[in-house]
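S.K.: Here's a structure for you.
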Amino acid sequence: MRLDKFFSVTATASRKETAKAVRGGLVTVNGVIAKRADQQIDPEKDAIALAGRPICYKPYRYVLLNKPDGYVSATEDGRDPTVLELLPPLYTDLGLFPCGRLDKHTLGLMLLTNNGEVAHRLLSPRRHVAKQYAFRVKFPLNAEDCERFRDGVVLEDGYETKPADITLAEDLKSGTVTLIEGKYHQIKRMMEALHNQITYLERTTFGPLTLPADLPRGAWRELTLEEEQAILQAAEV
Ligand code: URA
């Protein structure tokens, strides 16, 4: 692999930035200053550093993002901004895509990855990976509504949802719902089946991941090593 390609796939520097760093003598390959940005390197074996900082090769990347209102869970959209647009340009070359969808007006935890197998496994209905949402609805909910959530709700198209855990706050108009599946507009449609209406929805957990309290809306970070190991375990890879 070319050195400048390595810097691009590790989201370290663009081709232009790499050329500049090489010219400035800032890039080393196995401790030797690189002379050319198109030098061939072995990403698995060679030790590459930029300004003395080792750059580690990770073919798969996992990004946790706090989705803001109005963004769509897609890699491209002709009309609305996509969650991919919240990442810096260097990350757009990594082939990341959203692992599952949140509606345009749903907020909170999104996982983006370029590991198709892990995404597929985390979303597979067989694995029942749980997702928790904080919600608000228009009208107060009662014990019977909660029972229906826990038993499974029949949606307008006849589909009966799997049991969903629900907790209610004192105001009876907010709380948390935990799903183990991910049907289109699922929570909205479950509430509609109870003649209610979602006014706020935020995903707070996805499998072993929790939305970090210090990650502002619209911000993102890569998973920590522990988080990455936890999702690989949840995906059973
Ligand atoms: N349920 C919904 O209705 N919308 C989401 O974005 C996620 C779950």
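The values are calculated or read from the model by the stated rules, or taken from the named source; none is laboratory data. As the structure is a prediction and not an experimental result, all values here were calculated from the model. These accessible areas exclude ligands, DNA and RNA; they are computed on the full protein's heavy atoms, side chains included. Shrake-Rupley method; radii C 1.70, N 1.55, O 1.52, S 1.80 Å.
S.K.: In whole Hz and in residue order, list the ³J(HN,Hα) couplings for the range 102-109 that follow from phi through the Karplus curve 6.51 cos²θ - 1.76 cosθ + 1.60, θ = phi - 60°; x for Gly and Pro.
M.R.: For the range 102-109, the Karplus-derived couplings read 10, 4, 3, 9, 8, 10, x, 5 Hz, x marking Gly and Pro.
S.K.: Can you tell me the relative contact order of the range 3-55? Whole percent, Cα pairs under 8 Å, sequence separation 6 or more. Each step should come with its number before you reach the end.
M.R.: Values: 69 pairs, mean separation 17.8, N = 53.
Relative contact order for the range 3-55 comes out at 33 percent.
S.K.: I want to check a number: in the range 131-206, how many lysine pairs have alpha carbons closer than 17 Å, given a sequence separation of 8 or more or different chains?
M.R.: Details: Lys131/Lys162; Lys131/Lys183; Lys131/Lys188; Lys138/Lys173; Lys138/Lys188; Lys162/Lys183; Lys162/Lys188; Lys173/Lys188.
Close lysine pairs under the 17 Å cut-off: 8.
S.K.: Separate question: List the pair-distance distribution P(r) of the range 136-222, using every Cα-Cα distance, as the percent of pairs falling in each 5 Å bin from 0 up to the bin containing the longest distance, rounded to whole percents.
M.R.: Computed distribution, short to long bins: 3, 13, 25, 23, 17, 10, 6, 3, 0.
S.K.: Can you give the translational diffusion coefficient of the range 3-55 in µm²/s, computed by Stokes-Einstein from the Kirkwood radius over Cα pairs at 37 °C and 0.692 mPa s?
M.R.: On the way: Rh = 10.5 Å.
The calculation lands on 312 µm²/s.
S.K.: If the reach is capped at under 24 angstrom between alpha carbons, list the lysines near Lys16, excluding any in the same chain fewer than eight residues apart.
M.R.: Cross-link targets: Lys5, Lys35, Lys58.
S.K.: I'd like the distance separating the alpha-carbon centroids of the range 184-235 and the range 57-132, in whole Å.
M.R.: 11 Å
S.K.: Right, another one. Once phi is turned into θ = phi - 60°, what whole-Hz ³J(HN,Hα) does the Karplus curve with 6.51, -1.76 and 1.60 give for every residue of the range 200-214, x standing for Gly and Pro?
M.R.: 7, 8, 9, 7, 10, 9, 9, x, x, 8, 10, 4, x, 4, 9
S.K.: Measuring with a 1.4 Å probe in the full set of protein chains, what accessible area per residue, in whole Å², belongs to the range 131-206?
M.R.: On the way: 4010 Å² over 76 residues.
Ligands and nucleic acids excluded, the result is 53 Å² per residue.
S.K.: Run down the aspartates and glutamates and flag those whose C-alpha is under 17 Å from the C-alpha of Lys45, throwing out any fewer than 8 positions away in its chain.
M.R.: Output for Lys45: Asp4.
S.K.: A further question follows. Of all the accessible heavy-atom surface of the chain, with the other protein chains kept in place and a 1.4 Å probe, what percent is carbon and sulfur?
M.R.: On the way: 6530 of 12670 Å².
Heavy-atom surface of the chain belonging to carbon and sulfur, 1.4 Å probe: 52 percent.
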